[in-house]
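Participant: Mind having a look at this structure? Questions to follow.
The values are calculated or read from the model by the stated rules, or taken from the named source; none is laboratory data. The model shown is predicted, which means the values in this text are computed figures rather than measured ones. Here the Cβ positions follow ideal geometry from the backbone for every residue, glycine too, while neighbour counts run over all protein chains shown.
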Amino acid sequence: MLLVAFVFAAAWFVTGSMAAHLPRLLEMAGATPFAAITAAALVGPAQVVARTLEFAVLRQVHPLVSARIAATLHPIGAAVLVLMAPSGAAAFAVLYGAGNGLLTIALGTVPLAIFGPYAYGERTGLLGAPARAAQAFAPFVFGVLLDKIGVGAIVISAGLCLAALTALLCLRASPSSTCRPDDNP
């Protein structure tokens, strides 16, 4: 439970940070205000495309695979942004958005795959509490980080996602949990 709670708290911290500061972060990386807003506008479509691909392709694989992909996309995007700034702004936004889109699905499917259907609602509620707290504090904390270390704050958000990926790699599915929420038992 603690590993799964950490995964979602770390990921939702990044989500809350990007929701509040993405255009500012991209501008700090050298993008013009227009380019930063345009890139940030790509997050929503990237989320939808990722969710569609998850439904069409990734639903055939274990939910932990989708969650691991989701945790990987933000750090890859951060590397692109750092290495190609400011021209990597759009790629970062798309990769972050896709990871975030997959993450929203993983929030429901991973607990079921790991713990099974018993007390699913209670368990997801307990797992969601740290994530919501992290998301609530994220805009303030990430804003302070941007003020103190500038675009280097992206390294911290990428590090959180890599830590979440590490936790996901430590998780295994419960033998009794073979269905996903959209499957008919």
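Participant: Being farther than 19 Å from Leu42 by Cα, part of a helix (DSSP H, G or I) and without any contact (Cβ under 8 Å) to a residue 12 or more places away in the chain narrows it down to one of Leu162, Leu112, Leu107, Leu145, so name that one.
Facilitator: It is Leu145.
Participant: Could you tell me which of the residues Ala129, Ala158, Ala93 is of a type outside the set (Phe, Trp, Tyr), within 19 Å of Ala9 (Cβ to Cβ) and surrounded by 15 or more Cβ atoms within 10 Å (Cβ to Cβ)?
Facilitator: Ala158
Participant: For the stretch 19-28, state whether one or more residues are of a type in the set (D, E, K, R), farther than 21 Å from Leu162 by Cα and touching a Gly at 6+ places or on another chain (Cβ under 9 Å).
Facilitator: Yes: one or more hits.
Participant: Report, by residue number, each residue of the stretch 39-67 that is β-branched (Val, Ile, Thr) and over 29 Å from Pro23 (Cβ atoms).
Facilitator: Those that are β-branched (Val, Ile, Thr) and over 29 Å from Pro23 (Cβ atoms): Val57, Val61, Val65.
Participant: Scan the stretch 1-29 for residues that are of a type outside the set (D, E, K, R) and either free of Cβ contacts under 8 Å to residues at least 24 places away in the same chain or out of contact with any helix residue (DSSP H, G or I) (no Cβ under 8 Å at 6 or more places or on another chain) (or both) and jot them down.
Facilitator: Leu2, Pro23
Participant: Something else now. Hey, any hits in the stretch 96-104 for a residue that's farther than 16 Å from Ala164 by Cβ and modelled with pLDDT of 90 or more?
Facilitator: The answer is yes; a qualifying residue exists.
Participant: Here's a follow-up. Output the number of the condition that Ala85 fails; it satisfies all remaining conditions of (1) within 22 Å of Val48 (Cβ to Cβ); (2) small (Gly, Ala, Ser); (3) in contact with a Gly (Cβ under 8 Å, 6 or more places away or on another chain).
Facilitator: Going through (1) within 22 Å of Val48 (Cβ to Cβ); (2) small (Gly, Ala, Ser); (3) in contact with a Gly (Cβ under 8 Å, 6 or more places away or on another chain) one by one, Ala85 breaks only (1).
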